[in-house]
Each structure stands twice: as C-alpha cells, then as structure tokens.
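Chemist: One structure is given below, represented as structure tokens, and several questions about it will come after.
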Amino acid sequence: MLEKRVLDVKGLTAGYGDIEVLKGINLYVEEGETVAIFGSNGSGKSTFLRVIAGLLRPWGGTIDLFGERINDLPPSDRVRRGLALAGEGRNLFLGMSVEENLVLGGWTKRPRVKENLERVYSYFPELKEKRKTLAGDLSGGQQQMLSIGRALMSQPKLLMIDELSLGLAPAIVDRLAQILLDIKEKEGLSILLVEQEVSLALEISRRAYVFDLGEVVDEGASKELMERDSIKRTYLSIV
C-alpha cells in the first residue's frame, strides 16, 4: 500500500530578484514521515521552506499539499490547511509573554486555544512555568521550544522546522529531538526538517535530501545515506 503524500514538490524554481536560488527541486513527504534536508550554507534549504510556507513566490514548478495545488495560496490559507513553520531565527515576539506568543500561533483554532495551550504545555512544561515571562528573557533552548510550540498551536499535519539545533547545547538538542519524536508518534505528525547538524538530521529522519547550489544532489533512506562514503567525507567529517 502506497503511503499518502502530504507534500509533493516537482520542478520547483525560485529566487530573489534576478538570482535563481532553487533550480528544479523535486521532493516529497509522506504521511507520518520525518524527512530531513541538509547541505552547505547557501544551498537553498531555508529558501525552499519559505516557498513552501508561502513567504516567497515560486518562479516555476508545482507544490501540492495534501493533494491540493497551493502555488498561489497565501500563507494564512496554507496554515489553515495544516502547514506550520518554525522558522530560522525563531521569529518570536520578544516583547510579549510566552503565552501571548502561543496564543498568536493558535489564531486558526480560536475555539480550541485553551485546549491547545494545555496540549503544548504537556510537551514543554518549562513553557507553562514561564508562561508570563517575556520571550526575550528566555534561554536559547526555551525560545526554540516556544517557536515549535507556537507552530503546534495551529494543530498542523505537516510541521517544517528550520535549524532545530542552531546555537543550542547538544543536551538541549537531544531533548528537543526526543520531544519531536514523541509529538510525531502521538499526533501522527509529518515533519520536514532543515538541519545543519547532519548526524542529527539522519538519526531522526526516515529519508533525507542533500541540497547543493539550489539542486538536490543526493537523496535516499537516512540509514543508507549515513553509510555512504561521500556523505561521511563531506558532511560527517569521517575519512
């Protein structure tokens, strides 16, 4: 039985001004699957997530979300259809409290805001303890929890995360990765993860794509990629 594709991208091109950044990307995510994207800086990883989220218009190609073509949909409609992004740099409202940030993330599910707050707090107890604290006063790890928690407030079916580990201690990253796996199992969530720590990306994903200069240059099952000599040399510093 074939798994249902929650995201199916074909021939995607995009860029800024006259500069083409994405050059014909083909990528898919199946229901309940964790897929990782990694590659060198400037390879188009974050740009890809921005296009899928509707923050940057594609030049060409197709984007299907849950079987529906979304190329021309605004970001708000993509969120309503089950897509959420925990973006690079966390993009929090630093002068607002933890709970205020979370409530903003639940705007598409207003009748269930209280229920979803408790749901997010069950995954991140620290956020409940600090719910009145300004987001700007949180540690880096707590801010990442808040960014993910805010994305979860819309009850997404596909969660995209840009750089889970950026600037965080390994112990915090390991804990966040375990929480994500727990959420995935409990909620049947699909996850698309852009990650600079390649070993982490391959450990927690089922499949992965390697980006370089705006193109997919390698892809496959994460366990297989982890054993591939070219991946070991280039991304895992194993000779």
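Chemist: When residues of the stretch 33-45 are filtered for being out of contact with any helix residue (DSSP H, G or I) (no Cβ under 7 Å at 6 or more places or on another chain) and either on the phi > 0 side of the Ramachandran plot or buried (at least 20 other Cβ atoms within 10 Å of the Cβ) (or both), how many remain?
Modeler: Selection size over the stretch 33-45: 6.
Chemist: Can you tell me how many residues in the stretch 80-112 are surrounded by 17 or more Cβ atoms within 10 Å (Cβ to Cβ), aliphatic (A, V, I, L, M) and farther than 16 Å from residue 187 by Cβ?
Modeler: Adding up the residues that qualify gives 5.
Chemist: If a residue has to be over 17 Å from the mean Cα position of the chain (by Cα), more than 18 Å from residue 171 (Cβ to Cβ) and not small (Gly, Ala, Ser) to count, how many in the stretch 128-153 make the cut?
Modeler: Selection size over the stretch 128-153: 8.
Chemist: Still on this structure, I have one more. Restricting to the stretch 134-175, what's the tally of residues that are within 15 Å of residue 53 (Cβ to Cβ) and part of a loop (DSSP other than H, G, I, E, B)?
Modeler: 4
Every residue, every condition in (1) of a type in the set (Gly, Ala, Ser); (2) in contact with a Ser or Thr (Cβ under 8 Å, 6 or more places away or on another chain), yes or no:
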residue: 102; (1), (2): no, no
residue: 109; (1), (2): no, yes
residue: 118; (1), (2): no, no
residue: 121; (1), (2): no, no
residue: 124; (1), (2): no, no
residue: 139; (1), (2): yes, no
residue: 159; (1), (2): no, yes
residue: 166; (1), (2): no, no
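Chemist: Among (1) closer than 30 Å to residue 67 by Cα; (2) modelled with pLDDT of 95 or more; (3) assigned to a loop (DSSP other than H, G, I, E, B), there is one condition residue 196 misses while meeting the rest; what is its number?
Modeler: Status for residue 196: all satisfied but (2).
Chemist: Okay, next question. Within 15 Å of the chain's Cα centre (by Cα), in a loop (DSSP other than H, G, I, E, B), within 17 Å of residue 193 (Cα to Cα) and in contact (Cβ under 8 Å) with a residue 24 or more places away in the chain - does that describe any residue in the stretch 42-51?
Modeler: yes
Chemist: Do you know which of the residues in the stretch 199-214 that are in a helix (DSSP H, G or I) and within 15 Å of the chain's Cα centre (by Cα) is surrounded by the most Cβ atoms within 10 Å (Cβ to Cβ)?
Modeler: By that ranking, first place goes to 201.
Chemist: Another question, if that's okay. Pairs only if they're at least six apart or on different chains, beta carbon under 7 angstrom, first in the stretch 214-228 and under 26 Å from residue 47 (Cβ atoms), second of a type in the set (Val, Ile, Thr); list them, first residue then second.
Modeler: Short answer, once both residue conditions are applied: 214/21; 216/25; 216/210; 217/210; 218/210; 219/210; 225/231.
Chemist: Of everything in the stretch 61-77, what is small (Gly, Ala, Ser) and either part of a loop (DSSP other than H, G, I, E, B) or surrounded by 12 or more Cβ atoms within 10 Å (Cβ to Cβ) (or both)? Give them in sequence order.
Modeler: Quick first cut of the stretch 61-77, residues small (Gly, Ala, Ser) only: 61, 67, 76.
Residues satisfying the conditions are 61, 67.
Chemist: Still on this structure, please answer the following. What are the residues in the stretch 78-109 that are more than 14 Å from residue 157 (Cα to Cα), assigned to a helix (DSSP H, G or I) and over 19 Å from the mean Cα position of the chain (by Cα), if any?
Modeler: 98, 99, 100, 103, 107, listed by residue number.
Chemist: Within the group 21, 51, which residue is at pLDDT 95 or above, β-branched (Val, Ile, Thr) and either surrounded by fewer than 22 Cβ atoms within 10 Å (Cβ to Cβ) or farther than 17 Å from residue 85 by Cβ (or both)? Outline the logic, then answer.
Modeler: On the way: 51 fails: either surrounded by fewer than 22 Cβ atoms within 10 Å (Cβ to Cβ) or farther than 17 Å from residue 85 by Cβ (or both).
The match here is 21.
The values are calculated or read from the model by the stated rules, or taken from the named source; none is laboratory data. Since we're looking at a predicted model, the values are computed, not measured. FYI the Cβ positions are ideal-geometry reconstructions off the backbone, even for glycines, and counts take in every protein chain you see.
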